[in-house]
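Here the structure comes first, spelled out in structure tokens, and everything after it is commentary.
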Amino acid sequence: MYRAVVFDFDGTIIDTEKHLFDVINKHLTKHNESPITLEFYRRSIGGAATELHNYLEALIGPEKKAAIYKEHNDTSGHLPIIETIQQLMEYLKQRHIPMAIATSSHREDILPTFHKLGLDKYIEVIVGREDVENVKPNPEPYLTAVQQLNYNPTNCLAIEDSVNGATAANSAGLDVIVNTNVMTEEQDFSTVNYVAKDIDFDNIVQRFFSRK
């Protein structure tokens with residue numbers, strides 16, 4: 001049985017990936033620019049999203065790009081926690097199994113949503129982009145999270161939705177469950193050594209937390 005769980009944030013705890021895609025295209029349409037494609041957006045998921053940021057900044061300028069992310073961050077708190085994750089967090093809390101978040105987003109950007117959704121009832125540690133030198137697929141966010149939890153990576157389980165994130169967890173030495181969403185389900189996970197993929201709460205508990 002694992003002694004701690006580290007969650008990705010965007011697309012894993014709440015479906016912010018689809019939300020951000022929609023907000024970006026709403027703003028681009030408002031500025032009379034063509035919407036970005038799903039294929040282009042999907043390449044940015046789970047990492048630094050440098051290509052996406054550079055594209056938006058070159059197209060509409062830094063101030064209008066910043067307005068996109070401000071609206072995204074200000075409105076993400078209205079999104080529901082994914083049901084499997086909500087159930088798992090409650091289960092882990094009841095059993096005093098510590099939890100952390102390791103994200104490639106800035107910690108300060110996700111904190112309003114984090115608090116609005118009441119995630120502070122469950123999560124002890126948040127590692128964001130400002131806390132590491134390298135974001136996913138580099139293992140540093142996961143290594144930093146498990147270090148702050150004071151556990152060995154082999155004692156921790158990661159929950160991820162993207163190839164970049166799952167690769168980071170693998171490289172850090174954590175086992176990883178991949179639960180995809182509409183924005184990541186078509187990614188090629190053949191390079192990822194995951195222990196399970198797209199499973200619900202009951203199966204997670206039965207396979208990874210029930211004592212034999």
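The values are calculated or read from the model by the stated rules, or taken from the named source; none is laboratory data. For clarity, every value in this text was computed on a predicted model and none was experimentally measured. Backbone-built Cβ (ideal geometry, glycine too); neighbour counts: all protein chains shown. Accessible surface areas use protein heavy atoms only, side chains included; no ligands, DNA or RNA. Shrake-Rupley method; radii C 1.70, N 1.55, O 1.52, S 1.80 Å.
Say R0 is 22 Å: what FRET efficiency, to the nearest 0.05, do THR37 and ASP188 get from their beta-carbon distance?
Values: r = 18 Å, r/R0 = 0.80.
With R0 = 22 Å, the Cβ-Cβ based efficiency is 0.80.
Derived scalar couplings between HN and Hα for the stretch 179-190 equal 10, 7, 10, 4, 8, 10, 5, 8, 5, 8, 9, 5 Hz in order, rounded to whole Hz, by the Karplus curve 6.51 cos²θ - 1.76 cosθ + 1.60 (θ = phi - 60°), x for Gly and Pro. Computed from backbone phi with θ = phi - 60° and the Karplus coefficients 6.51, -1.76 and 1.60, the 3J(HN,Hα) list for the stretch 3-17 is 9, 7, 10, 10, 9, 5, 9, 5, x, 10, 7, 9, 8, 6, 5 Hz; x is used for glycine and proline.
Of the solvent-accessible surface of the stretch 1-153, computed with a 1.4 Å probe and all protein chains present, 48% belongs to carbon and sulfur. Near ILE126, the amide H atoms lying under 5 Å from its own belong to ILE101; only residues 5 or more places off or on other chains count, and H is placed 1.01 Å from N.
Principal axis extents of the Cα atoms in the stretch 98-212, from largest to smallest and rounded to whole angstrom, are 35, 31, 29. Dipole magnitude for the chain: about 500 debye, using +1 per Lys or Arg Cβ and -1 per Asp or Glu Cβ, origin at the Cα centre.
Partner aspartates and glutamates whose Cα lies under 19 Å from the Cα of LYS197, excluding those fewer than 8 positions away in the same chain, are identified as ASP8, ASP10, ASP15, GLU17, GLU83, GLU160, ASP161, ASP175, GLU185, GLU186, ASP188. Rounded to the nearest whole Hz, the Karplus-based 3J(HN,Hα) values (6.51 cos²θ - 1.76 cosθ + 1.60, θ = phi - 60°) of the stretch 163-172 follow the sequence 5, 4, x, 5, 4, 4, 5, 4, 5, 7, with x at glycine and proline. Relative to the Cα centre, the charge distribution of the stretch 4-90, modelled as +1 at Lys and Arg Cβ and -1 at Asp and Glu Cβ, gives a dipole magnitude of about 300 debye. When 1/r is averaged over all different Cα pairs and the result inverted, which Kirkwood radius in Å belongs to the stretch 1-126? Result for the stretch 1-126, one decimal place: 15.7 Å. Counting only alpha carbon atoms, the long axis of helix 83-94 and the longest principal axis of the chain meet at about 40°.
Pairs spanning more than 31 Å between alpha-carbon atoms, out of LYS18/LYS136; LYS30/LYS116; LYS26/LYS136: none are present. Against the longest alpha carbon principal axis of the chain, how many degrees, from 0 to 90 and to the nearest 10, is the axis of helix 50-60 turned? With rounding to tens, the tilt is 20 degrees. One quarter of the surface of the convex hull around the alpha-carbon atoms of the chain equals 11.0 nm², the direction-averaged projected area. Rg ratio for the stretch 118-171: its Cα radius of gyration over 2.2 N^0.38 Å, N being its residue count, equals 1.10.
Fully extending the segment from GLN87 to GLU51, taken as 0.36 nm per residue of separation minus the present Cα-Cα distance, adds 9.5 nm. For the stretch 147-192, the alpha-carbon coordinates run over 34, 18, 12 Å along the three principal axes, in decreasing order.
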